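Peer 1: Dropping a structure here in structure tokens format, bear with me for questions.
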Amino acid sequence: MIDNLVSVIIPTFNRRDTIGRSIRSVLNQTYKKIELIIVDDASTDDTELVVNAIKDDRVHYYKLNRRLGACVARNVGIENATGEFIAFQDSDDEWLNNKLEVQLDTLVKTGADIVSCHMEKHDVDDKRKAYIYPTIIKEGFVSHAEVCVNNYISTQTLFTRANIVQEILFDPNVLIGQDIDWIISATRKYTLYIMKEVLVKQYLQLNSISGLGSQERLVKTFSYWLIKYEDEFTHNNAFYLKVLNGLVNNMSQIGDVNTSMYYKEIFNHDMNLKNLIRYICSVLHLMPIVKSIRNRKNEVETVFYIN
């Protein structure tokens, strides 16, 4: 029987209304040998009071003096973890009570270095129907090249050995997509196994890191990835195109018209009519008009659908 300590790390910022549910979902796991490390990224609400009201010796609370971001908070948690295994949870999400037990068993049986699972996503602000993520056909090992192109991973689904995250920390330069960035780095060396089983409930909110106003942070992140993963692009064209398209799409969202050099690069690496038209429109500064027409078309289609 496996009886190793699992360290669970929760970074948090101003989550007084949701962190209690998140903590309880960790403490109520069927696998009991855990320590829960909560790193508060300088919250200004009553998050600390909510955490301190939970009386359980397995809970360890750290509060940063100033806001440094989720990556730094996770890294602080990693530095203070004493378990042989590490899992991450978000302060507004919920685990099914057998998550750790099932993932630990899967890691041992498959021999994988990292195990991830599916999750049920709930958009609590616009009341959209829950859906399952990621949408892969079958479970199994996923290659590094595939991880670079497809967003299969979310941090709260990860389970791995402590030595791996101690070696590969979270990159504070990545403002959005921190989970994607970490798994790309990790799978250069370590194996990833994705389970089909749903073990996490994610609750998306407007003030989540990927919510309102995220386009500017995405522009900075994609721009940084163009430098960080330059060596990857030489043998993974699909990854390069994904980063370039992500960059120009979000530049357009914030009204930045300086996209022609990137659209030219996209066309050079994927020569089709659509990319040629996009490049020409960007040179003529017509992309805002194209975007407006596209948005209007979507509005008409939405009204038609509702009616």
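Peer 1: Looking at D40, is it at pLDDT 95 or above and in the same structural domain as A186 (by TED's automatic domain parsing)?
Peer 2: yes
Peer 1: Considering only residues that are basic (K, R) and touching an Asp or Glu at 6+ places or on another chain (Cβ under 7 Å), which ones fall in the stretch 9-51?
Peer 2: Scanning the stretch 9-51 gives R15, R16, R21, K33.
Peer 1: Next question. For the stretch 47-57, what are the residues that are over 13 Å from D17 (Cα atoms) and surrounded by 15 or more Cβ atoms within 10 Å (Cβ to Cβ)?
Peer 2: Residue satisfying the conditions is I54 alone.
Peer 1: Check V248, V300 and return the single one that is modelled with pLDDT under 60, at negative phi and either within 27 Å of the chain's Cα centre (by Cα) or not assigned by TED's automatic domain parsing to the domain that holds C148 (or both).
Peer 2: V300
Peer 1: Continuing with the same structure: Return a yes/no flag: does the stretch 67-74 have any residue that is among the hydrophobic types (A, V, I, L, M, F, W, C), part of a strand (DSSP E or B) and in the same structural domain as P172 (by TED's automatic domain parsing).
Peer 2: Checked against the condition, which is being among the hydrophobic types (A, V, I, L, M, F, W, C), part of a strand (DSSP E or B) and in the same structural domain as P172 (by TED's automatic domain parsing), the stretch 67-74 yields no hits at all.
Peer 1: Oh, and also: Quick one: I136 ticks every box in (1) crowded, with 21+ Cβ neighbours inside 10 Å; (2) of a type in the set (A, V, I, L, M, F, W, C); (3) within 14 Å of V198 (Cα to Cα) bar one, so which box is it?
Peer 2: Answer for I136: the failing condition is (1).
Peer 1: I need the full set of residues from the stretch 175-204 which are among the β-branched types (V, I, T) and either within 18 Å of I132 (Cβ to Cβ) or in contact with a strand residue (DSSP E or B) (Cβ under 9 Å, 6 or more places away or on another chain) (or both), in order please.
Peer 2: Matches in the stretch 175-204: I183, T187, T191, I194, V198, V200.
Peer 1: Between I184, I164, which is within 22 Å of V102 (Cα to Cα), hydrophobic (A, V, I, L, M, F, W, C) and not in a loop (DSSP other than H, G, I, E, B)?
Peer 2: Unique residue meeting the criteria: I164.
Matching residues to (1) of a type outside the set (D, E); (2) on the phi > 0 side of the Ramachandran plot; (3) touching a helix residue (DSSP H, G or I) at 6+ places or on another chain (Cβ under 8 Å); (4) assigned to a helix (DSSP H, G or I):
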position	(1), (2), (3), (4)
K55	yes, no, no, no
Y61	yes, no, yes, no
V76	yes, no, no, yes
D90	no, no, yes, no
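Peer 1: Here are the criteria: (1) buried (at least 17 other Cβ atoms within 10 Å of the Cβ); (2) outside the structural domain of S154 (by TED's automatic domain parsing). Tell me which single one I277 does not satisfy.
Peer 2: Of everything listed in (1) buried (at least 17 other Cβ atoms within 10 Å of the Cβ); (2) outside the structural domain of S154 (by TED's automatic domain parsing), I277 misses just condition (1).
Peer 1: Now for a different question. Which of the residues that make up the stretch 103-138 are among the acidic types (D, E) and either within 19 Å of R188 (Cβ to Cβ) or at pLDDT below 90 (or both)?
Peer 2: Residues satisfying the conditions are D113, D123, D125, D126.
Peer 1: Looking for whichever is more than 23 Å from L204 (Cα to Cα), modelled with pLDDT of 95 or more, crowded, with 21+ Cβ neighbours inside 10 Å and not aliphatic (A, V, I, L, M) here; the options are T160, T155. Which one fits?
Peer 2: T160
Peer 1: In this structure, is G77 in contact with an Asp or Glu (Cβ under 9 Å, 6 or more places away or on another chain), among the small types (G, A, S) and closer than 26 Å to V174 by Cβ?
Peer 2: Answer is no for this residue.
Peer 1: Of everything in the stretch 15-46 that's more than 18 Å from F88 (Cα to Cα) and in contact (Cβ under 8 Å) with a residue 12 or more places away in the chain, which residue is surrounded by the fewest Cβ atoms within 10 Å (Cβ to Cβ)?
Peer 2: T44
Peer 1: Within the stretch 191-210, does at least one residue satisfy the condition of being touching a Ser or Thr at 6+ places or on another chain (Cβ under 7 Å), assigned by TED's automatic domain parsing to the domain that holds D113 and on the phi > 0 side of the Ramachandran plot?
Peer 2: There is no residue in the stretch 191-210 that is touching a Ser or Thr at 6+ places or on another chain (Cβ under 7 Å), assigned by TED's automatic domain parsing to the domain that holds D113 and on the phi > 0 side of the Ramachandran plot.
Peer 1: Among what's in the stretch 179-205 and is among the polar types (S, T, N, Q) and modelled with pLDDT under 95, pick the residue that is farthest from the chain's Cα centre (by Cα).
Peer 2: Ranking the candidates gives Q205 first.
Peer 1: Turning to a different aspect of this structure: Give the residues of the stretch 92-111 that are under 19 Å from V142 (Cβ atoms) and assigned to a loop (DSSP other than H, G, I, E, B), sorted by residue number.
Peer 2: Correct list: G111 only.
The values are calculated or read from the model by the stated rules, or taken from the named source; none is laboratory data. As the structure is a computational prediction, the values presented were derived from the model and not from experiment. Counting neighbours? That spans all protein chains shown, and the Cβs are built from the backbone with ideal geometry, glycine included.
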